[in-house]
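Below you'll find the structure, written out as structure tokens, and then a few comments.
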Amino acid sequence: MADTKKEQPIYDEKVNYILTALKNGKSREEIADDLNYSSYKSMDMYIRRKNFLWDADRGTYVPKVDDPGFENKKLTGISSKADLIISLFADEGSDPKSVAKKVGFNDHKDLADFMKQQNYIWSIDERNYIHQSEMEDDEEEKKKAAPETNGKELATEIRKQVERQVNVAERLAKFTPVMEFLEENMDSLRELLAATEDGEESDGEIPHFAVPGTTKTKSVYMADRLAELVTEFSKVRNVSQRDIFEAAVIEYLRKYGYKDAVNSLLK
């Protein structure tokens, strides 16, 4: 016997949006495009995991288990993609990256671009998007509600503003040495960032340098286990040991004070 409890429909924000949009006459293809799905079939897989099935006769998704009150089910009223995004941000603990992923954007920047196109602006106070017209109305209300101040009150307010700015300047001054250090070592930081990706050393293409001059034999001694690693690397990566040592020496000299001399040699 099937566990009907597990098969109960789950009415999350995205499901509500899909059902509302279908009720408002949108096609599955249009809704899938709204949610950045590659096709309606991908959206179909999502809503099936929420225990819904497609009913061609009614032109909508219906619960897997019998739900007599489904037709009169009161949804959240989400009628647009912007409304869906706003409802997701209203959940406690939500963040831009997770919301962007739920709605189908590649990242939070794409989500912000979309909301900007819809004339929505991020409100720091609300921790959510509000329509530009609402923000303008709020500003007008604040201007109307602001009481007239006399000269003494205005002077007090100005003094408070100055004190706040001084406090901010003093706090920022503590970071001056850090900013100076970053500026002085900008080139080294760029090289470090270019050489790493996601905190790990890059495993990219092995560098090959066209070093001018005649070939000269130079014997070096090293630990046998290190020599074995060089031999193994040479075979696995299909690169000669000469290229390995030349590249290693060039990178070493560049890193420890001979960058200009090496660059001049390789020109």
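Numbers at a glance
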read-out	value
Pairs where the first residue, in segment 174-195, is modelled with pLDDT under 80 and the second is of a type in the set (G, A, S), C-beta under 7 Å, 6+ apart	A195/S202
Residues being part of a helix (DSSP H, G or I) and in contact (Cβ under 8 Å) with a residue 12 or more places away in the chain - total across segment 90-114	8
In segment 29-83, the residues that are β-branched (V, I, T) and modelled with pLDDT of 85 or more	I31, I47, T60, V62
Members of segment 91-128 found to be among the aliphatic types (A, V, I, L, M) and farther than 19 Å from D34 by Cβ, listed by number	I121, I124
Test set (1) at pLDDT below 85; (2) farther than 11 Å from F89 by Cβ - E126 fails condition number	(2)
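The values are calculated or read from the model by the stated rules, or taken from the named source; none is laboratory data. Since the structure is predicted, the reported quantities are computational estimates derived from the model, not experimental observations. When we count neighbours, we look across all protein chains shown, and the Cβ atoms used for this are built from the backbone with ideal geometry, even at glycine.
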